[in-house]
Amino acid sequence: MQADVMIIGGGIAGLQAAIQLGRYERTVTVIDEGRGRSTLCRQYRNLLGWPDGVSGRQLREAGREHASNYGVDFIDKKANRLVKEESGFQAQTEDGDTYQGKKLILATGVTDANPFPELEPCFGMSVYICPDCDGYEIKNKRTLVLGSGSAGVGMALELERWTDGLTYVNHEGRSAVTEEQKKQLSEAGIRFRDGIIERVHMEGEQFTGVTLADGTELQAEKAFIAFPGNVVHSDLGKQIGVERLENHHVLNHYRTKMTNIADVWAAGDIAVHSEQVAIAMGEGTQAAVWVQRSLLQDES
């Protein structure tokens, strides 16, 4: 059976779109493999109504229950093939099953480069990835930026205003830091270390520091991760001709969130925007509003 709308990606943007479309009494199928940034963050503290913080999983569970109340159908699988048909779109999942929708919203998000998956229990609690979301959390705290090359330099300089206790560790020398960049760090009061991070240390959700391969121990209360190579999950869009930038973020209209392909919208971190939960929610709603207008136009 063909749904009015098929949403690929059940994170924050996808869920918000599903809720809005469910409230329009549209048939909605959400295909979601259950991964993504919002499954990892244990505390968002910059969201209206959550002064004590809320986890990504809690938001997802609440959003899924909310959408289900409006009859939204969830498919817990990974979509690996997408085809544009005369009447809409068909997605195929890894097990070979197929699902159809007249309209399509892509909300497949981004995976951050992180060579230290053991730190995931600390995400949102004492280890962070977004300086706009969580720069405040390191105020006056001893903090390590664990990164590589220019990505780490940029992160450290952006965080400099929050603490005098900032050290940038250029892990493995994967990417060179230029003398000019070292000068910038020094002038900002940021300490610099080149070295292989052999071990990361934590006590439960609390990050405590790292040990380098030469035996040096760097103690800290907080950390930011800043490695190049984030993966933007836009390959499904590419299969049907959706326009992407060189970094694989999808281009969409600033107002409607529609892509260059008719009846295809993109919302959340997959698109070109400031990567924050509140913005993903807004884009999910925004896309859904214009999907509804498109459906009404088709039906008139």
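The values are calculated or read from the model by the stated rules, or taken from the named source; none is laboratory data. Note that the structure is predicted; figures quoted are calculated from it, not measured. Neighbour counts are summed over all protein chains in view; Cβ atoms, including those assigned to glycine, are modelled from backbone coordinates with ideal geometry. These accessible areas exclude ligands, DNA and RNA; they are computed on the full protein's heavy atoms, side chains included. Shrake-Rupley method; radii C 1.70, N 1.55, O 1.52, S 1.80 Å.
Once amide H atoms are placed 1.01 Å from N in the peptide plane, what residues at a sequence separation of 5 or more from Gly10, or on another chain, have their amide H within under 5 Å of its amide H?
Sorted by chain and number, the residues that satisfy this are Glu33, Gly34.
With a sphere of radius 9 Å drawn around the Cβ of Lys141, what net charge do the other residues whose Cβ falls strictly inside it have (Lys, Arg +1; Asp, Glu -1)?
Within the 9 Å Cβ shell, the charges total +1.
Please give me, ordered by residue number, the GluC sites (Glu not before Pro) of segment 77-163 that lie in loop per DSSP and have at most 13 other Cβ atoms within 10 Å.
Answer in residue order: Glu86, Glu94.
Expected output is a single nm value to one decimal: the length gained when fully extending between Thr111 and Asp132, i.e. 0.36 nm times separation in residues minus the C-alpha distance. What is it?
Additional length available on full extension: 5.8 nm.
If I take R0 = 51 Å and measure r between the Cβ atoms of Glu86 and Arg57 in this structure, what FRET efficiency does the formula 1/(1 + (r/R0)^6) give, to the nearest 0.05?
0.85
Label-point separation (nm) for Arg161 and Thr98, each offset 7 Å from Cα along Cα-to-Cβ?
5.3
Between helix 56-68 and the chain, what is the angle of the helix's C-alpha long axis to the longest principal axis, kept within 0 to 90° and rounded to the nearest 10?
Roughly 10 degrees, rounded to the nearest 10.
How high is the relative contact order of segment 156-254, given as a whole-number percent (alpha carbon pairs under 8 Å, six or more residues apart)?
16
Taking the mean number of other Cβ atoms within 10 Å as a proxy for protection, how do you rank 162-168, 105-111 from highest to lowest?
So the peptides 162-168, 105-111, ranked by packing, come out 105-111, 162-168.
Using the alpha carbon gyration tensor of the chain, what are the three equivalent-ellipsoid semi-axes (square root of 5 times each eigenvalue), largest first, in whole Å?
39, 19, 17
Cysteines without a disulfide-compatible partner in the chain, using Cβ under 4.7 Å as the rule?
Cys41, Cys122
Once both axes come from the Cα atoms, what is the angle between helix 277-299 and the longest principal axis of the chain, in degrees from 0 to 90, rounded to 10?
That helix lies at roughly 20 degrees to the long axis.
Could you work out the local net charge near Val54, counting Lys and Arg as +1, Asp and Glu as -1, over the other residues with Cβ closer than 11 Å to its Cβ?
+2
Considering only the other residues whose Cβ falls under 15 Å of the Cβ of Ala91, what net charge follows from Lys and Arg at +1 and Asp and Glu at -1?
-4
For the chain, what does the relative contact order come out to in percent, with C-alpha contacts under 8 Å and a separation of six or more?
Computed value for the chain: 21 percent relative contact order.
Which loop-located trypsin sites (Lys or Arg not before Pro) does segment 218-263 contain, where loop means any DSSP state but H, G, I, E or B and the Cβ has at most 11 other Cβ atoms within 10 Å?
Qualifying residues, ordered by number: Arg255.
How much of the accessible area of segment 139-274, probe 1.4 Å, is carbon plus sulfur, in whole percent?
For segment 139-274, the apolar C and S fraction of the accessible surface comes to 45 percent.
So what is the accessible area of the chain per residue, in Å², with the probe set to 1.4 Å?
I get 48 Å² per residue for this part.
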